[in-house]
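Participant: Handing you a structure now.
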Amino acid sequence: MADRVLELLKNARTIAVVGLTNDTSRPSYEVSTYLQSRGYRVVPVNPNLSEVLGEKSYPSLSEAAREEQIDIVDVFRRPDAVPEIVEEVLRLGLPALWLQETVVHEAAAEKARQQGVVVVMDKCILKEHRRYGL
């Protein structure tokens, strides 16, 4: 799994962040700011915002995918929201799903894996990026 995580982080260019907020005290904001500073394009997905971190915010993953090439879907939502997100990832044919720390939904993650999606669960993308020294 470590090799797949490293490969994913090295090859990805655009990360859709589901649940990104403009509240600077929230982990989604901190992580997204970090990702931007490391050269990733962050695509906010939050129906309550029009823009975050200088990027257009999309009301749904489906709308974001119409305009953006998404390499990773990074999820900052409660676990009960994950099955619906997985369905969208599968419908859109997106390659990778990253569920942040404490976002755990085994059944939905397994369904995504069985359809060929790379799934990282219960890990912080910022911490993993730093751990690999990227």
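Participant: Under a cut-off of 18 Å between alpha-carbon atoms, report the aspartates and glutamates in cross-link reach of Lys56, not counting same-chain residues fewer than 8 places apart.
Facilitator: Lys56 reaches Asp23, Glu30, Glu67, Glu68, Asp71, Asp74.
Participant: In the chain, what % of DSSP beta bridges are antiparallel (nearest 5)?
Facilitator: In the chain, approximately 10 percent of DSSP beta bridges are antiparallel ones.
Participant: From Cα pairs below 8 angstrom and at least 6 apart in sequence, can you work out the relative contact order of the chain, rounded to a whole percent?
Facilitator: About 22 percent, as a whole number.
Participant: Same structure, new question: Hey, quick one: spin label on Asp23, modelled 7 Å out along Cα-Cβ, who in the range 68-84 has an amide N within reach, i.e. under 18 Å?
Facilitator: Correct set: 75-81.
Participant: Further, regarding this structure: Quick one: if the Förster radius is 35 Å, what FRET efficiency do Ala107 and Leu134 give, using the C-beta to C-beta distance and rounding to 0.05?
Facilitator: 0.70
Participant: Provide the descending list of Cα extents for the range 1-66 along its principal axes, expressed in whole angstroms.
Facilitator: That gives 36, 29, 19 Å along the principal axes, largest extent first.
Participant: Follow-up question, since we're still on this one. Across 10 Å bins from 0, what is the distribution of all Cα-Cα pair distances for the range 63-103, in whole percents?
Facilitator: Result returned by the calculation: 29, 57, 14.
Participant: How far, in nm, would the chain grow between Ser37 and Thr14 when pulled straight, counting 0.36 nm per residue and subtracting the alpha carbon separation?
Facilitator: In short, 7.0 nm is gained.
Participant: What span do the alpha-carbon atoms of the chain cover on each of the three principal axes, reported in whole Å from largest to smallest?
Facilitator: Result for the chain: principal-axis Cα extents of 35, 32, 26 Å.
Values in this text are rule-based calculations from the coordinates and carry no lab data. Computed from a prediction, not measured in an experiment: that's the story for all the values here. Positions of Cβ are backbone-derived with ideal geometry, glycine not excepted, and every protein chain shown enters the neighbour counts.
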